[in-house]
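After the structure tokens below, expect a handful of questions from me.
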Amino acid sequence: MSIFKDDILAGRVALITGGGSGINFGIARALVAHGAKVALVSRTQEKLDKAAAELSPDGSQARGFAADVRDADALQAAIDQTVAAFGGIDILVNGAAGNFLAPAAQLSTNAFKSVMDIDTRGTFNAARLCFPHLCKSEHAVILNISATQAFMPTPLQAHPGAAKAAIDKLTEDLGLEWGPLGIRVVGIAPGGVEGTEGMKRLLPPGMEDKMKKALPLGRFTTTDEIGQVAVFLVSDAACYVTGATLVVDGASAMPLSGVFWGMMRGM
Ligand code: HXC
């Protein structure tokens, strides 16, 4: 259910990295529901084909093109396929991300590098390679998916925290540099999102109900809710928003939020 008009993104093409599942698939679903055509890009073609078919059984509004965002040549090929299929790129959603819980003292240097490469370098790669196409669009926008770990120190999350903080900085710097060219650069920093692979990996088993009690709104957010925020940010309603990351976490990353609501709800 959306409060936005069905056709506010009609005629626009979005390339969504990590678009085959989770938050990014929720964003893809919301963009398609408002008229956009979407290219889903991630590592596994089979998974992408299934996701694209769910959004658009005849392929007219959604296609999947496999590429690892760490591999610039493969990413360029996926971008070329998107432009060949849909005629251009107006919206880039940088959603591809890697994550797992690990104490920094036990994290190998390669494990740290893997997450930085997928999240931060992947975001730069896609932005840089889509840049020539975005320059041709009258509605160009890059939406970077961050996380609250970027600004809220989080145990066992030094690697994605550093990667997402760097992404937020890219949102600011690219917003500044590319504003005059008509390209907006914005971000969303979600808190926990119900039912995603990320949450499955990060939530200690048996802790879900307790964690929800410690959240101000008493629940996690959903992929549909993040999708609605994405529709706003990539639409013309947000035409003066650039260089900024919107926190969509139900105030859960506020200092002492968990302690206060945990106590109030008798934990
Ligand atoms: C410690 C680990 C590890 C783990 C992998 N590594 N998993 N180290 N604990 N659980 C190490 C490996 O040992 C290796 O280091 C290095 O990371 C690279 O691993 P590879 O297996 O070679 O695979 P690679 O393709 O580079 O990527 C691995 C991966 C990725 C980063 C784990 O597969 C991944 O994250 N997939 C999940 C995708 C996902 O769930 N995305 C949503 C993220 S949620 P060595 O030294 O052995 O070579 C998110 C925001 C959450 O980002 C916000 C919630 C509030």
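The values are calculated or read from the model by the stated rules, or taken from the named source; none is laboratory data. Source: prediction; values computed, not measured. Counting neighbours? That spans all protein chains shown, and the Cβs are built from the backbone with ideal geometry, glycine included. For the accessible areas, the whole protein counts, side chains as well, though only heavy atoms, and no ligand, DNA or RNA atoms are used. Shrake-Rupley method; radii C 1.70, N 1.55, O 1.52, S 1.80 Å.
Counting only heavy atoms of the protein chains, get the accessible area per residue of the chain (1.4 Å probe) and round it to a whole Å² value.
Per residue, the chain has an accessible area of 48 Å².
Considering all alpha-carbon pairs of segment 23-83, what whole percent are spaced by more than 16 angstrom?
Value for segment 23-83 (Cα pairs over 16 Å): 40 percent.
Seen from all sides and averaged, what is the projected area of the convex hull of the Cα atoms in segment 141-233, in nm²?
Average projection, Cα convex hull of segment 141-233: 6.7 nm².
Further, regarding this structure: Give me the percent relative contact order of the chain, please, defined on Cα pairs under 8 angstrom at least 6 residues apart.
It comes to 19 percent, rounded to a whole number.
Can you tell me the Rg and Dmax of the chain, counting just the alpha carbons, in angstroms?
Both quantities, over Cα of the chain: 18.0, 57 Å.
Next question. Which whole-angstrom value gives the distance between the alpha carbon centres of segment 143-171 and segment 208-244?
With segment 143-171 and segment 208-244 each reduced to a Cα centre, they are spaced 16 Å.
Counting trypsin sites (Lys or Arg not before Pro) as exposed when in a DSSP loop with at most 15 other beta carbons within 10 Å, what is the longest stretch of the chain free of them?
Longest site-free region, per DSSP loop and neighbour criteria: 6-135.
Rounded to the nearest 20 Debye, what is the dipole magnitude of segment 174-267 about its Cα centre when Lys and Arg each give +1 and Asp and Glu each give -1 at the C-beta?
Dipole about the Cα centre, nearest 20: 380 debye.
Anything over 20 Å Cα to Cα? Flag those among LYS169/LYS213; LYS5/LYS47; LYS5/LYS136; LYS37/LYS136, in the order listed.
Distance filter (> 20 Å) returns LYS169/LYS213; LYS5/LYS47; LYS5/LYS136.
Quick one: which residues, 5+ away or cross-chain, put their amide H under 5 Å from the amide H of ASP249? H built at 1.01 Å from N.
So ASP249 has HN proximity to GLY191.
Give me the dipole magnitude in Debye, nearest 20, for the chain about the Cα centre, with unit charges on the beta carbon: positive for Lys and Arg, negative for Asp and Glu.
560 debye
Moving on. At what distance in nm do the modelled label points of LEU176 and ARG128 sit from each other, each positioned 7 Å from its Cα along Cα→Cβ?
The answer from the label model is 1.9 nm.
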